[in-house]
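Written below as structure tokens is the structure these notes are about.
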Ligand code: IFM
């Protein structure tokens with residue numbers, strides 16, 4: 001047995017997002033979000049589930065913070081529902097909505113938990129979707145105004161800020177595959193939306209600096225590591241392209257001020273183009289305090305004549321899969337961190353999400369023995385630790401998720417939490433993985 005010990009100030013966190021846990025979808029003056037509209041439209045979400053009640057966190061946040069305290073969570077990453085603050089997306093401020101986040105943040109601070117805010121985790125006000133949503137450049141200014149309100153209200157006490165969560169997912173799942181809100185299927189729109197999300201990030205980061213804030217700000221990307229399915233040069237090229245479309249497409253503008261040439265060509269060949277003023281890149285590529293990413297799995301890539309690349313399971317049955325059918329591949333986390341360290345100038349790195357969905361059952365003693373989730377966490381954190389030992393500036397880890405919640409188009413059918421939520425009664429039960437995390441935080445590491 002050996003002991004894994006993390007650096008002294010390592011941030012042990014857990015994460016959630018507003019639409020996935022809050023509920024209270026039409027209370028205290030909150031406006032409609034694109035996820036309210038999407039989930040209320042039949043056929044979009046598993047068995048018609050919605051976030052109307054979700055985990056009822058809006059009313060139960062005190063109990064939830066008490067649970068975080070019990071687990072010894074050091075930092076809590078949560079997002080702000082934009083339509084709760086500006087029901088129309090802009091204009092008139094809804095004080096009651098803002099007050100909720102003030103109460104939540106204050107109680108976290110009183111409980112010794114460091115607040116970490118995500119400004120956009122996908123719940124765009126529907127009123128802004130009605131004028132084109134993220135395809136409309138004006139929305140980047142409305143987002144900046146919304147962010148200014150939040151930063152002016154909470155900036156003094158919140159030291160950690162994530163501008164946009166997973167711009168790739170918001171753009172591609174929402175505007176190309178149509179399986180997330182707002183349910184559009186158009187490639188050109190997708191690229192424009194991706195760009196405007198990056199631009200919004202840049203505008204808010206500039207504002208944050210102008211407001212002389214003392215905390216740290218970065219963006220949160222969804223990244224996985226890509227491996228060629230064989231030694232065939234065509235598969236190796238496809239792997240580079242596959243990472244290019246998801247990873248470099250966002251990383252290069254942020255760090256190099258330009259979209260990757262090869263991926264631009266790829267889209268040109270597909271006859272998809274989009275435009276932006278060149279000066280956008282200056283905003284987008286301002287230095288961030290950290291680079292955050294969400295890691296769940298990795299992919300094996302094969303050349304595909306039509307699309308250029310496709311993802312396959314090279315040895316079916318060899319690797320475990322989670323309930324999301326995502327391969328469990330902890331080595332990918334190490335390879336990804338080291339890649340970012342090498343290619344993007346040794347940034348400070350935060351793992352802003354990592355975790356796994358499994359089928360959880362309450363046993364006769366009322367316990368949830370989620371052995372697989374605990375193993376998933378041990379394996380991923382071991383690889384994260386190895387990256388730190390090999391020189392990467394990994395500063396913190398936010399486990400996804402604090403509690404079972406609304407998993408977008410899968411509704412409540414997937415459970416990612418270290419706290420079990422009975423969605424009928426709203427009863428919470430800490431799972432065994434939660435107790436393991438508690439011990440890990442207390443010991444700043446674990447035995448393997
Ligand atoms: O639940 C999501 C979260 O909202 C964004 N990152 C991935 C998680 C699991 O799918």
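Read-outs throughout are calculated quantities, based only on the coordinates presented, and are distinct from any laboratory measurement. Just so it is clear, the model here is predicted, and its values are computed rather than measured. Positions of Cβ are generated from backbone atoms using ideal geometry, with glycine treated the same way; all protein chains shown enter the neighbour counts.
Contact order for the stretch 298-423, expressed relative to its length and based on alpha carbon pairs under 8 Å spaced 6+ residues apart, stands at 24 percent. Summarising the label geometry, the points placed 7 Å from Cα in the beta-carbon direction at residue 427 and residue 261 lie 6.3 nm from one another.
With the alpha-carbon atoms of the stretch 8-49 aligned to their principal axes, the span from lowest to highest coordinate is 49, 27, 13 Å, starting with the largest.
The simple spin-label model puts a point 7 Å past each Cα toward its Cβ; for residue 270 and residue 305 those points are separated by 1.9 nm. Between residue 210 and residue 152, the modelled label-to-label distance comes to 1.2 nm, taking each label 7 Å out from Cα in the direction of the beta carbon. Its relative contact order, with pairs defined as Cα atoms under 8 Å and 6+ residues apart, puts the chain at 19 percent.
Its relative contact order, with pairs defined as Cα atoms under 8 Å and 6+ residues apart, puts the stretch 157-295 at 30 percent. Across 163, 425, 50, mean-square fluctuation computed from a Gaussian network of the chain (C-alpha pairs under 10 Å connected) peaks at 425. Taking every DSSP helix (H) stretch of at least 4 residues in the chain, weighting each as -39,500 (n - 2.57) and dividing the sum by the residue count yields a mean residue ellipticity at 222 nm of -12000 deg cm²/dmol. Restricting the calculation to Cα atoms, the stretch 298-448 yields a radius of gyration followed by a Dmax of 17.2, 54 Å.
The calculated FRET efficiency for the pair residue 185 and residue 52, based on their C-beta separation and a Förster distance of 25 Å, comes to about 0.45. For the chain, a Gaussian network of Cα nodes joined below 10 Å ranks 207, 197, 291 by mean-square fluctuation, and the top entry is 207. Measuring spread by the Cα atoms of the stretch 1-90 yields a radius of gyration and Dmax of 17.0, 57 Å. Please list, in order, the residues from the stretch 275-298 whose amide nitrogen is less than 19 Å from a point placed 7 Å along the Cα→Cβ vector of residue 320. Correct set: 295-298. Extension gain for residue 70 to residue 282 (0.36 nm times residue separation, less C-alpha to C-alpha distance): 71.9 nm. Mind telling me which of 309, 319, 250 comes out most flexible in a GNM of the chain, alpha-carbon contacts under 10 Å? Looking only at 309, 319, 250, the biggest GNM fluctuation is shown by 319.
If both residues of a DSSP beta bridge must be in the chain, then about 25% of such bridges are antiparallel. Computed extension gain for residue 1 through residue 344, at 0.36 nm per residue and net of the alpha carbon distance, reaches 120.0 nm.
What the Cα atoms of the stretch 251-290 give is an Rg and a Dmax of 11.6, 36 Å. For all pairs of alpha-carbon atoms in the chain, what percent lies in each bin of width 20 Å, listed from the first bin to the last filled one? Pairs per bin, as whole percents: 26, 62, 12, 0.
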